[in-house]
Structures are given as structure tokens and as C-alpha cells.
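What follows is a single structure, written as C-alpha cells, with notes after it.
The values are calculated or read from the model by the stated rules, or taken from the named source; none is laboratory data. Given the structure is predicted, the values throughout are model-derived calculations rather than measurements. Here the Cβ positions follow ideal geometry from the backbone for every residue, glycine too, while neighbour counts run over all protein chains shown. With ligands, DNA and RNA removed, areas are computed over all heavy atoms of the protein, side chains included. Shrake-Rupley method; radii C 1.70, N 1.55, O 1.52, S 1.80 Å.
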Amino acid sequence: MNTPLTDSQRAQLHTVLERRKAELLADLGEVQRDTLSTLAGREGAEPADDQKDQADRQALGTVRDAEATRDHDELVAVRAALARMADGSYGECSVCGQPVAAERLFAQPAAARCIACQAQAEAHPR
Ligand SMILES: [Zn+2]
């Protein structure tokens, strides 16, 4: 059984997440300037468009586009983690509701699931 985060651990992770969000926004800003002509203003696309969006990017077949997709996915996860911090659910597994191990959160601050539920999700993709 994992113990919930302490206030100071939570504060540290909040700082890490905010910094990561700023980095990702900066990275995506650069990539988008470079690829604006091919991606034709996809910034701010709704999640429902993501699969088509990703397919389009993969069809373009460049490393930069793969990086942009990864950065975008991570940014979504980081923003969700910050939202969970705001509503007090950060650090609880989104599947089973148990505390997520602190060492997992420090390795991956945007993680929404505990190790057991993450392994389950990877073994049985949607
Ligand atoms: Zn879980």
C-alpha cells in the first residue's frame, strides 16, 4: 500500500509540472512555426480530431512531426495533472483510487494511474 503525497512532495511536483508545461509550450511553438504550412493551423484541435491529426502527421513522416505529436500528448497529460492538483485528486490513481507511489510521480509527474493499473492498461489497450 502506498502512502499519499505529503504537502511538500505535492508542491515540488507542482513546480515540476508547471516548468514542464512551459517547456512543452515553447517546443510546440517552435515546431508549429516550422511546420505551419504543412499542418495548416491544427493548433487547438479538439481531442476528437486527434486520431485524424496524428494520422495526418504520421503520413507526413518526418521526425519533427512525431516530436510535435509526442509533445502535444505530453502537454495534454501535464495539463490534466495540473487540473487534478487544483481539484485535489492529484496523486490518486484515476482507475482504482489508491494513492500512486511517490517515486512513480517523481519519475513521471503527469502519471494518472498507479503502476498496477498502468500495466493493466498497457496489457489491454482500448
Ligand atoms: Zn490503480
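Brief remarks on what is shown
- When the range 105-117 is filtered for residues that are in a helix (DSSP H, G or I) and free of Cβ contacts under 8 Å to residues at least 40 places away in the same chain, the ones remaining, listed by number, are ALA107, ILE115, ALA116, CYS117.
- Restricting the range 87-104 to residues that are within 13 Å of the ligand (Cβ to nearest atom) and outside any loop (DSSP other than H, G, I, E, B), the residue that is most open to solvent (accessible area, probe 1.4 Å) is GLU92.
- Qualifying residue in the range 36-51 (condition: surrounded by 10 or more Cβ atoms within 10 Å (Cβ to Cβ) and modelled with pLDDT of 70 or more): no
- With respect to (1) farther than 27 Å from ALA26 by Cα; (2) of a type outside the set (Lys, Arg); (3) surrounded by 18 or more Cβ atoms within 10 Å (Cβ to Cβ), the lone exception for ALA110 is condition (1).
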